[in-house]
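Okay, so here's the structure we're looking at.
The values are calculated or read from the model by the stated rules, or taken from the named source; none is laboratory data. The model shown is predicted, which means the values in this text are computed figures rather than measured ones. With ideal geometry, Cβ positions are generated from the backbone for all residues, glycine too; neighbour counts draw on all protein chains shown. Surface accessibility is based on the protein's heavy atoms, side chains included, excluding ligands, DNA and RNA. Shrake-Rupley method; radii C 1.70, N 1.55, O 1.52, S 1.80 Å.
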Amino acid sequence: MSLLDVQRSLVGFARGSQTEYLACTQLSESEDAWLKSLLQSPGLMVTQQIQQWWRLSRICLAAPMTIALLKRDGMEELIVEYIATEPVRSLFFAAELEQFKTYLHSHVLVNNLAKTLVAFESGLKNTYQASAANSLQTSGDATALSCIYQLHFKRDPIKLFSALLSGAPLPAEDGNYYVTLDPKLPQHWCVTTQAPAIYLAEPQI
């Protein structure tokens with residue numbers, strides 16, 4: 001009997017994933033049969049539904065503007081698809097949002113505006129976390145966390161964010177706008193129409 005394989009399989013099932021179970025090599029025939037019987041059990045289905053509901057809540061709270069944009073574009077099914085196909089890797093909001101961002105960035109149906117928007121919401125959360133972590137360190141500490149980069153919008157970000165949050169029509173594309181995220185800024189981000197001298201690509205946090 002491999003208790004570790006059984007435990008890993010159960011955790012994977014609860015998250016809606018069979019990856020851990022399929023990777024098991026030490027299960028006995030009875031253990032394997034028991035685990036297979038759980039896959040269609042009502043109790044497991046309830047557990048998975050609760051997890052999915054919590055994940056959906058985390059995404060909606062962490063990325064309200066991205067969710068609003070996907071709904072406007074008639075792409076709500078991508079949110080359900082993400083919940084159904086991407087296993088739970090963390091219970092933290094920032095980690096869930098990062099995973100959701102990665103999913104959207106790799107999806108062929110997601111346009112550049114949605115990708116930039118989710119990158120902004122994910123980056124802003126990371127920037128706030130970096131600011132909070134740095135505030136706990138002594139001034140001038142060389143180990144202070146860095147989270148500085150820019151995002152490129154073709155619409156006025158202020159008007160865009162306001163429209164998404166209020167339900168108003170989206171502003172038209174009217175130029176180039178650069179949003180800088182930096183934990184040292186008063187609001188942790190700012191907008192300029194001038195392209196930065198050194199463009200800092202979004203980090204993989």
Cβ pairs under 7 Å, 6+ apart, first in the range 28-47 and over 14 Å from LEU3 (Cα atoms), second of a type in the set (Phe, Trp, Tyr): LEU38/PHE13; LEU39/PHE13; LEU44/PHE13
Of the criteria (1) surrounded by 12 or more Cβ atoms within 10 Å (Cβ to Cβ); (2) of a type outside the set (Phe, Trp, Tyr); (3) at pLDDT below 90; (4) not in a helix (DSSP H, G or I), which one VAL110 fails: (3)
Any helices (runs of 4 or more DSSP H) falling wholly within the range 1-52 and containing at least 1 residues that are crowded, with 17+ Cβ neighbours inside 10 Å, modelled with pLDDT under 85 and in contact with a helix residue (DSSP H, G or I) (Cβ under 7 Å, 6 or more places away or on another chain): 3-14, 19-22
Among the candidates PRO196, PRO186, residue that is modelled with pLDDT under 80, farther than 21 Å from GLU98 by Cα and either surrounded by 16 or more Cβ atoms within 10 Å (Cβ to Cβ) or not acidic (Asp, Glu) (or both): PRO196
Cβ-Cβ under 8 Å pairs, at least 6 apart or on other chains, the range 112-135 side more than 14 Å from ASP182 (Cβ to Cβ), far side of a type in the set (S, T, N, Q) and part of a helix (DSSP H, G or I): ALA114/THR66; LEU117/THR66; VAL118/THR66; GLU121/THR66
Among residues of the range 60-72, those that are open to solvent by less than 70 Å² (accessible area, probe 1.4 Å) and touching a residue at least 24 places away in the same chain (Cβ under 8 Å), counted: 8
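Identify, from the list GLU96, GLU76, the residue that is within 13 Å of the chain's Cα centre (by Cα) and either open to solvent by 20 Å² or more (accessible area, probe 1.4 Å) or not hydrophobic (A, V, I, L, M, F, W, C) (or both). It would help to see each step written out before you state the result.
Numbers: GLU76 fails: within 13 Å of the chain's Cα centre (by Cα).
The unique qualifying residue is GLU96.
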